[in-house]
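I have placed the structure first, in the form of structure tokens, so that the comments after it can refer back to it.
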Amino acid sequence: MNPLGWPGYDDQLRRARERTGGAESVSWRRGADAVVITFDFRFLGGSVGTATGAVLEEAFGEALAWGLPVVSVIATGGSRMQEGMLSLRQLQRVARLCAVHREAGLPHVSVLRNPTTGGLWASLGAGADVVVGVAGAQVGFAGSRVRPGDDPAYTAEGQFAAGTVDVVVAEGDVDEVVGRLLGLLTGGGAVPAEVPRALGATDLPEDGWSAVERARAPERPRAAAYLDDYFDHRVALSGDRAGGVDPGLLCGIGRRHGRSVAYVAQTGTATTPAGFRTASRVIRLAGRLALPVLTLVDTPGAANDAAAERAGVGAAIAELFAVVAQARVPITTLVVGEGGSGGALALSSPDHTWIAPDAYFSVIAPELAAAILKRADVRELADDLMLRPQDLVRLGVVRGIAEA
């Protein structure tokens with residue numbers, strides 16, 4: 001317990017045990033739905049030493065033995081200085097425990113309480129499948145005593161904005177949100193998700209330009225309406241875990257007729273590199289947890305400004321194409337609006353894509369095709385592109401047209 005012979009450390013441990021009633025800064029219990037790991041910040045700032053690592057190993061071992069998810073309720077200042085590098089090496093131990101648990105196909109939810117800083121944020125916290133931040137909590141790799149200054153970036157809300165926290169909730173809502181998540185992260189199955197019903201027009205467009213106009217109409221039902229109609233309830237997931245969030249992409253896991261389904265839905269905006277990376281992350285998670293996937297396509301195309309290029313839009317799209325191609329779970333796609341070029345195709349199932357009557361799917365927008373081909377007849381070109389739902393069925397691009 002005092003591997004470095006640190007002066008006064010034995011007394012510090014004794015006082016911490018008297019104050020908290022616990023043997024270490026971390027404890028765990030096995031419930032019916034999960035193994036719950038809880039940090040006690042009153043015990044030397046929730047810091048992690050060699051004995052703490054042993055407790056965490058016990059907890060993950062119990063989760064593996066019973067095939068249970070892990071919920072990590074974290075409040076820590078990081079590694080324990082009094083144990084030097086032996087303390088820091090516990091981060092590698094934690095990473096291995098999480099990796100073995102992940103490979104077993106079991107979910108991990110972390111809850112970031114105040115504060116969550118240091119190496120445990122960068123391993124047990126940020127490495128979870130779903131990261132729940134408590135509103136107002138201090139969250140960051142650098143703790144308050146070592147960072148250059150205070151900034152909103154060092155909060156749960158700041159981490160949410162940066163794409164490393166999925167959802168921020170009030171302290172009193174944590175149990176409800178985590179309970180709902182645990183119910184959603186299991187129970188999917190290998191059967192493809194059902195095709196959503198069409199919520200807009202039911203008749204088919206007469207010509208190509210009419211199809212484009214209907215897909216662009218402001219009153220057309222958007223992704224949020226389809227998700228509300230499709231799921232009994234759902235929990236959103238946010239962020240690409242690389243510093244980016246695309247507000248034009250809705251992702252998460254929902255419950256439909258007693259079955260969990262992961263979803264990725266475009267909302268009519270140009271999808272950014274962060275959006276494509278978030279989609280890849282959610283589909284990978286669904287594959288590991290054996291959840292079917294529903295994707296809703298609605299975008300004029302991928303973001304093509306200079307910022308998108310600097311953020312690696314091409315590589316992000318390529319990654320998503322590969323993730324979809326290698327998916328170990330069935331993916332169902334419904335084109336609900338504009339299906340613009342590769343930015344839409346990247347999110348589409350290769351063999352289970354459907355289209356709504358008031359949507360279109362095209363190699364490129366008619367206006368852009370006209371500019372490339374130096375043609376002035378945009379309306380006629382829309383017909384030549386054969387982008388209507390009925391054209392796409394005939395070409396074998398989609399399996400069918402969704403019904404109301």
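Read-outs throughout are calculated quantities, based only on the coordinates presented, and are distinct from any laboratory measurement. These numbers come from a predicted model, not from an experiment. For neighbour counting, all protein chains shown are included, and Cβ atoms are generated from backbone atoms with ideal geometry for every residue, glycine included.
Based on the Cβ-Cβ distance from residue 176 to residue 66, what FRET efficiency comes out when R0 is 25 Å, to the nearest 0.05?
Working: r = 24 Å, r/R0 = 0.94.
The pair residue 176/residue 66 has a calculated efficiency of 0.60.
Which residue, 37, 193, 165, has the largest displacement toward the positive end of the dipole of the chain when charges sit on each Cβ (Lys, Arg +1; Asp, Glu -1)?
37
Can you compute 3J(HN,Hα) from phi for each residue in the range 31-44, using the Karplus curve 6.51 cos²θ - 1.76 cosθ + 1.60 with θ = phi - 60°, rounded to whole Hz and x for Gly and Pro?
x, 5, 10, 6, 8, 9, 9, 10, 8, 10, 5, 5, 8, 6
Determine, for each peptide in 368-381, 322-335, the mean count of other beta carbons within 10 angstrom over its residues, then list the peptides with the highest first.
Put in order of decreasing packing, that is 322-335, 368-381.
Working out 0.36 nm times the residue gap between residue 141 and residue 85, then minus their Cα-Cα distance, what length gain in nm do you get to one decimal? Before the final figure, lay out each step's value.
Numbers: separation 56, 0.36 × 56 = 20.16 nm, distance 1.75 nm.
Length gained, residue 141 through residue 85: 18.4 nm.
Could you tell me the convex hull volume per residue, in Å³, taken over the Cα atoms of the range 287-349? Can you show the working numbers first?
Working: hull volume 4.9 nm³, N = 63.
Taking the convex hull of the Cα positions in the range 287-349, it is 78 Å³ per residue.
Mind listing the Cα extents of the chain along all three principal axes, in Å, largest one first?
Here the spans come out as 84, 44, 34 Å, largest first.
Give me, ordered by chain and number, the residues 5 or more places off residue 239 or on other chains with an amide H under 5 Å from its own placed amide H.
Close amide H contacts, sequence-distant or interchain: 246.
Pull out the extension gain between residue 95 and residue 404, defined as 0.36 nm times the separation in residues minus the alpha carbon to alpha carbon distance; nm, one decimal.
Working: separation 309, 0.36 × 309 = 111.24 nm, distance 4.77 nm.
Roughly 106.5 nm would be gained on extension.
For the chain, calculate the relative contact order in percent as a whole number, restricting contacts to Cα pairs under 8 Å that are 6 or more residues apart. Don't skip to the end; give the middle numbers.
Numbers: 911 pairs, mean separation 47.2, N = 404.
Relative contact order comes out at 12 percent.
Mind listing the long-range amide H neighbours of residue 135? Cut-off is under 5 Å, sequence gap 5 or more, other chains count too, H placed in the peptide plane at 1.01 Å from N.
Result for residue 135 returns 169, 170, 171.
Quick check: net charge around residue 322, other residues with Cβ under 15 Å of its Cβ, Lys/Arg +1 and Asp/Glu -1? Could the numbers behind the result be given before it?
Details: positive: 277, 281, 284, 328; negative: 319.
My count for the surroundings of residue 322 gives +3.
In the chain, if the dipole is taken from +1 on Lys/Arg beta carbons and -1 on Asp/Glu beta carbons about the Cα centre, which of 297, 97, 81 is farthest to the positive end?
Checked the options; the winner is 81.
Where the only charges are on Cβ atoms (+1 Lys, Arg; -1 Asp, Glu), what is the dipole of the range 241-286 about its Cα centre, to the nearest 20 debye?
Working: 7 positive and 1 negative charges, 53 e Å.
It comes to approximately 260 debye.
Under unit Cβ charges (Lys, Arg +1; Asp, Glu -1), what dipole magnitude, rounded to 20 debye, does the chain have relative to its Cα centre? Before the final figure, lay out the partial values.
On the way: 38 positive and 45 negative charges, 270 e Å.
For this selection, approximately 1300 debye.
Taking amide hydrogens as modeled 1.01 Å from N in the peptide plane, which residues meet the under 5 Å criterion relative to residue 259, leaving out close sequence neighbours?
Distant-sequence amide H within range of residue 259: zero hits.
Using 0.36 nm per residue, how much length does the chain from residue 206 to residue 6 gain when fully extended, once their Cα-Cα distance is taken away?
Details: separation 200, 0.36 × 200 = 72.00 nm, distance 8.15 nm.
Taking 0.36 nm per residue and subtracting the Cα distance, the gain is 63.9 nm.
FRET efficiency for residue 305 and residue 219, Cβ-Cβ distance as r, R0 = 22 Å, nearest 0.05?
Working: r = 28 Å, r/R0 = 1.27.
Rounded to the nearest 0.05, the efficiency is 0.20.
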